[in-house]
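The values are calculated or read from the model by the stated rules, or taken from the named source; none is laboratory data. Predicted model only: the values in this text are computed from it and were never measured. Neighbour counts run over all protein chains shown; Cβ positions are idealised from the backbone, glycine included.
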Amino acid sequence: MKKSVIVIGAGFGGLGVAARLLAQGYQVTVYEKLDKPGGRAYVFEKDGFKFDAGPTVITAPFILDEIWRAAGRNAQDYFTLIPLDPFYRIFDHTGKHLDYNGDHQFTLDQIAQWNPTDRDGYDRLIRASKEIFDTGMPLISEPFLDVASMLRVAPALIRLQSFRSVYGYVSSYIQNDFLRRCFSFHPLLIGGNPFDASSLYVLIHHLEREWGVHYVMGGTGALVAGFEKLLGELGGEMHLNTEIQEIVVKDGKAVGVKLPNGEIHSADVVISNADVAWTYMNLVAPEHRRKNNDRHLKNLRYSMSLFVSYFGTKKQYRDTPLKHHNIILSERYKGLLQEIFNGHSLPQDFSLYLHMPTITDASIAPPGHEAFYVLAPVPHLGAGIDWATMGAQYQAKIFQFLEENYLPDLRANLVTTHHVDPRYFETQLNSYLGAGFSVQPLLLQSAWFRPHNRSEDISNLYFVGAGTHPGGGVPGVLSSAKLVEGLVKQDFPASSTFDSKEKRNGIDAISAPRVGTRAPASGARFVRK
């Protein structure tokens, strides 16, 4: 008889682990609180526009290929990835910019426009980051469930100066202040402060150079739709609009979940893709949490939150200097980040990530229109900001800034707008303190020090997602799914394994989905309530 698995949450971590375990012969049921899968990768559809709510930067496509290959499929039949060039256009506070991509000479030429002497420093930084990459990437495949596993890698971490911050590490090679910012911002993509995040996270820059930065045609939601179709073909079951009230624990073991209506659904394994802190504090009774008690969880340091405005315009802005991914840096850097991560009020200035996907993909907006998403890192809810009052004012301030500097006549050309603030992350995404990326990626909150993929308190309970090892970002979250697959197979061997040839015989006639489609494959056992 197949081992049964319940997955709480249909973010990328939940979708990834569900697909992996289905391919290994497990019976998998996914419960999702929202009306469609995706989690942070939810899609807002309004007035003919599609807005990706969350991740828009796709790196390390080999991780996706591996999931589909394990199921006997080709990922390219489910979604289309487009490499972007440049990866990012980064603006300073005066509007001058730097582009970079995977072409080393191109990036050196861009650096020379800011500080020619930093060309050599960037060369040395890349050589050094290669060593960090070669050491750090294998750590993603190690679950770090005991102290011994951490002690084994400690000498390498010391040798690589992982105790230094990303900004400090980059600054030892790069002299120009703006260039230091350009090559140290990456921790912000996974919820970290470049002045606090371990220099291990320099490997993100190397990861991008090695495999590129990609866009999913149809938006990131098309990747979610690809996962949804795959799970349906593999016989998975997904219940939408279904919130979990409690993880049922008996004799120290997770044995199922309880719904708000009192229904209890049993399983051999429970995997939570919900935020780790929120899961423990809201779904597991205190008497079952000796280590992961409220005090321990509240003492962890959590990432910043996000204020995101989604807007569409009837005017296209192809004559501006904007690219697909734009990073607009404030005149301040360290001071602004300190206020975002440690402050108790909303900073008066901001740095922005401006996403302009219609420059690559016209399908996500009505003809002749433009779709945008502008994101500002902001303090999490622990700062006590009154977002009910501040939200509209903050959005207006950002729109005014964009109109004055990047998008002429923006407000006169707006067709539709929508915004989310830290309350969305807390109430809709069940993230403790409304943190955008759960636990911060600090050295002492990484690897063994991070909330574990297998619960120390409760048998049969596992975690995937940004709050557990290895951390945030699409590659980190999907890597956590691979780790949990390995742990579940070790702890609960499946009664049968997936026969890719047999499954292929059943799908040869299935055509590839249209980009952006949300319908599951024919015969998929999806339940929508």
*Got a sec? Which of LEU306, LEU322 is touching a Phe, Trp or Tyr at 6+ places or on another chain (Cβ under 8 Å) and farther than 24 Å from GLY11 by Cα?*
LEU322
*Among the candidates LEU444, LEU487, LEU429, single out the residue that is part of a helix (DSSP H, G or I), among the aliphatic types (A, V, I, L, M) and either crowded, with 16+ Cβ neighbours inside 10 Å or at pLDDT 95 or above (or both).*
LEU487
*Give just the number: which of (1) in contact with a Lys or Arg (Cβ under 9 Å, 6 or more places away or on another chain); (2) of a type in the set (A, V, I, L, M); (3) within 24 Å of LEU429 (Cα to Cα); (4) in a loop (DSSP other than H, G, I, E, B) does LEU322 not satisfy?*
(3)
*Kindly establish whether ILE328 is within 25 Å of the chain's Cα centre (by Cα), free of Cβ contacts under 8 Å to residues at least 60 places away in the same chain and farther than 25 Å from SER438 by Cβ.*
no
*Tell me, please, whether a residue that is over 24 Å from TYR333 (Cβ atoms), part of a helix (DSSP H, G or I), modelled with pLDDT under 80 and under 28 Å from the mean Cα position of the chain (by Cα) can be found in segment 89-112.*
no
*For residues that are touching a Gly at 6+ places or on another chain (Cβ under 9 Å) and of a type in the set (A, V, I, L, M), tally how many sit in segment 421-466.*
8
*Single match in GLY471, GLY476, GLY467 (criterion: assigned by TED's automatic domain parsing to the domain that holds PHE62, in a helix (DSSP H, G or I) and either in contact (Cβ under 8 Å) with a residue 60 or more places away in the chain or buried (at least 24 other Cβ atoms within 10 Å of the Cβ) (or both))*: GLY476
*Residues that are touching a residue at least 40 places away in the same chain (Cβ under 8 Å) and either touching a Cys at 6+ places or on another chain (Cβ under 6 Å) or not hydrophobic (A, V, I, L, M, F, W, C) (or both), drawn from segment 102-134*: GLY102, HIS104, ASN115, THR117, ASP118, GLY121, TYR122, ARG124, SER129, LYS130
_Suppose we filter GLY191, GLY226 for residues that are closer than 23 Å to PHE49 by Cβ and surrounded by 24 or more Cβ atoms within 10 Å (Cβ to Cβ); which single one remains?_
GLY226
*Give the residues of segment 194-223 that are assigned to a loop (DSSP other than H, G, I, E, B), crowded, with 24+ Cβ neighbours inside 10 Å and of a type in the set (Phe, Trp, Tyr), sorted by residue number.*
none
